[in-house]
Amino acid sequence: MAERILIFDTTLRDGEQSPGASLNIQEKLEIAKQLARLGVDIIEGGFPISSPGDFEAVKLVAKEVKGPIITGLARAKKEDIQRAWNAVKYSKKPRIHVFLATSKIHMKYKLKKAKEEILRLAVEGVKYAKKFTNDVEFSPEDASRTEPQFLYQVVEAVIDAGATTVNIPDTVGYATPVEFGKLIRGITQEVPNIGQAVISIHCHNDLGLAVANSLAAILNGATQVECTINGIGERAGNASLEEIVMALRTRKDTFNKVTGIKTKEIYKTSRLVSGLTGILVQPNKAIVGANAFAHEAGIHQHGVLAKRITYEIMTPQSVGIAGTKLVLGKHSGRHAFRKRLEELGYTELSNEDLNKAFVRFKSLADKKKEVFDEDLEAIIEDEVRMIPDTFILEDMEIRSGTKVTPEARIRIKKKGKIIEETATGDGPVDACYKAIDKIIKIKCRLVDYALRGVTGGKEALGEVIVKIESKGETITGHGASTDVIEASAKAYINALNRLVYRRR
Ligand code: KIV
Ligand code: ZN
């Protein structure tokens, strides 16, 4: 029988460490609930000691999300472990995840500690975590650059101390598949008590090898894989959950492994994570990218029409992408609207949120003949905010052309008062942002601006995602409208609202 691979999702912890991604507590809960529906085995909700927000998020996830094991990260320090326990203890299945670096580079430059001390701290950390729960995971950080003999020694010692899972991270994405597979094989052969623990792996994507390394490790004895939705995470990201799961499923002939993932929930989860983190999925991304199942070349189209398997190794339906993209029009009612949103993964909307989104949908349907799934997602991002609107765009007027200096007049409601300002700029968006700055008066710098048409056609809805930086914090904002300048203004104001919320 095919062996079961445990899926450990760290979207809410390592994924949230992606530059620019920041999730509030409710958003984390919404994603965690969807991860449970997706069927992941373990959810890493955060790093509880890192901030009060992370602590509260892990605690809320532990309280509310049933099914998966809920874990929180902790350095091998008593105060971290205690804090992690205080957050995860509300779960029926709590786990504490302790980590400590073991590579020469980290021990010398970061920790300034010798091998003996590292070994002692790792063991003490695991023993302390065991006082709270039996389910303790230990990660020797930067394992792929650790001397193998020392790594075996640490792994053996932490298992003796009670670790039930040992996770081998390729922290900096340095490993290659053959080498990483060999390292895992070495652990299975050289660590005498390895049979008492689950071998997990955790790969980063700095060389684009995170998924390949994870699969090589699975072929060599790993039975838990740590990954994130859409592959988001530190720097170039983590191994992507959907790619690993679909590789195991599509190439069962090679791997002979199964997972508990309900693959039809994959696309929904990907959209939810992308919408809430503000990290767009590249169109050519495997499994969930917009082009993953699109056939452009005539020969390919002909082949697919004759027989799908000529050019398709998986069906879009198997990952939850509907065959047809057309959903609703102006005659659609509230019931159909709610049902479609539920199919897209928005199952947690209150009646009030639903009403707000429905009004916006009706007004879009009046302007546009066909309303697509992407339009609905953009509406939800825009209308159903978990963040209170400190600043609300009331009205705007733009003057622009080839021979005039672009000028923007903006009216914003701030603490119940309407404030109006005018500004000129290099272009209409620049003028708009300068006028907003005059009203809102928060010192910040625009570090990224991305515009995409979420649907085709002249009346398409445009979605703008901006990143702003203020006092070392980076915040993302979204805005959607059929008018791209309005979408730009909304995205900027959304980022400022998030910034104010976070500071509070
Ligand atoms: O990349 C890494 O080493 C980690 C550990 C904390 C597991 O994220
Ligand atoms: Zn990591």
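In table form, for the structure just shown:
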{"item": "Qualifying residue in the stretch 114-133 (condition: in contact with a strand residue (DSSP E or B) (Cβ under 7 Å, 6 or more places away or on another chain), surrounded by 21 or more Cβ atoms within 10 Å (Cβ to Cβ) and of a type in the set (S, T, N, Q))", "result": "no"}
{"item": "All positions within the stretch 68-97 that are over 24 Å from the mean Cα position of the chain (by Cα), assigned to a helix (DSSP H, G or I) and within 14 Å of PHE138 (Cα to Cα)", "result": "ILE81"}
{"item": "Whichever residue in the stretch 332-346 is in contact (Cβ under 8 Å) with a residue 24 or more places away in the chain and in a loop (DSSP other than H, G, I, E, B) and, among such residues, is farthest from the chain's Cα centre (by Cα)", "result": "SER332"}
{"item": "So GLU190, is it modelled with pLDDT under 95 and in the same structural domain as PRO140 (by TED's automatic domain parsing)", "result": "no"}
{"item": "Hey, LEU111 aliphatic (A, V, I, L, M) and within 19 Å of ALA163 (Cα to Cα) or not", "result": "no"}
{"item": "Selection count where residues are within 15 Å of ligand 1 (Cβ to nearest atom) and without any contact (Cβ under 8 Å) to a residue 40 or more places away in the chain, scope the stretch 213-222", "result": "1"}
{"item": "Top-ranked residue of the stretch 223-237 - restricted to ones that are in a strand (DSSP E or B) and out of contact with any helix residue (DSSP H, G or I) (no Cβ under 6 Å at 6 or more places or on another chain), ranked as nearest to ligand 1 (Cβ to nearest atom)", "result": "GLU226"}
{"item": "Single condition VAL158 does not satisfy, out of (1) free of Cβ contacts under 8 Å to residues at least 40 places away in the same chain; (2) surrounded by fewer than 24 Cβ atoms within 10 Å (Cβ to Cβ)", "result": "(2)"}
{"item": "Members of the stretch 17-34 found to be in contact with a helix residue (DSSP H, G or I) (Cβ under 8 Å, 6 or more places away or on another chain), within 16 Å of ligand 2 (Cβ to nearest atom) and of a type outside the set (A, V, I, L, M, F, W, C), listed by number", "result": "SER18"}
{"item": "Considering residues of the stretch 192-216 that are touching a Leu at 6+ places or on another chain (Cβ under 8 Å) and within 16 Å of ligand 2 (Cβ to nearest atom) only, the residue nearest to GLU137 (Cα to Cα)", "result": "SER200"}
{"item": "Pairs where the first residue, in the stretch 102-130, is of a type in the set (Phe, Trp, Tyr) and the second is at pLDDT 95 or above, C-beta under 8 Å, 6+ apart", "result": "TYR128/LYS78; TYR128/ILE81"}
{"item": "Any hit, the stretch 181-191, residues being under 27 Å from the mean Cα position of the chain (by Cα), closer than 26 Å to ARG235 by Cβ, buried (at least 17 other Cβ atoms within 10 Å of the Cβ) and within 16 Å of ligand 2 (Cβ to nearest atom)", "result": "no"}
{"item": "Conditions (1) buried (at least 23 other Cβ atoms within 10 Å of the Cβ); (2) in contact with a strand residue (DSSP E or B) (Cβ under 8 Å, 6 or more places away or on another chain); number of the one not met by ALA216", "result": "(2)"}
{"item": "Residue in the stretch 14-28 that is farthest from ALA450 (Cα to Cα), counting only those that are in contact with a strand residue (DSSP E or B) (Cβ under 8 Å, 6 or more places away or on another chain) and assigned to a loop (DSSP other than H, G, I, E, B)", "result": "ASP14"}
{"item": "Hits in the stretch 461-481 - residues which are touching a residue at least 40 places away in the same chain (Cβ under 8 Å) and either surrounded by fewer than 18 Cβ atoms within 10 Å (Cβ to Cβ) or under 14 Å from TYR433 (Cβ atoms) (or both)", "result": "LYS467, GLY477, GLY479"}
{"item": "Strands (runs of 3 or more DSSP E) (entirely within the stretch 403-504) containing at least 2 residues that are of a type in the set (Ser, Thr, Tyr)", "result": "417-424, 473-481"}
{"item": "Residues being surrounded by fewer than 19 Cβ atoms within 10 Å (Cβ to Cβ) and touching a residue at least 40 places away in the same chain (Cβ under 8 Å) - total across the stretch 266-284", "result": "1"}
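Table: residues versus (1) among the charged types (D, E, K, R); (2) within 21 Å of LEU119 (Cβ to Cβ); (3) in contact with a strand residue (DSSP E or B) (Cβ under 8 Å, 6 or more places away or on another chain).
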{"site": "VAL136", "(1), (2), (3)": "no, yes, yes"}
{"site": "SER144", "(1), (2), (3)": "no, yes, yes"}
{"site": "GLU190", "(1), (2), (3)": "yes, yes, no"}
{"site": "ASN193", "(1), (2), (3)": "no, yes, no"}
{"site": "ILE199", "(1), (2), (3)": "no, yes, yes"}
{"site": "ASP206", "(1), (2), (3)": "yes, no, no"}
{"site": "THR223", "(1), (2), (3)": "no, no, yes"}
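The values are calculated or read from the model by the stated rules, or taken from the named source; none is laboratory data. Nothing here was measured: the structure is a model prediction, and the numbers come from that model. Counting neighbours? That spans all protein chains shown, and the Cβs are built from the backbone with ideal geometry, glycine included.
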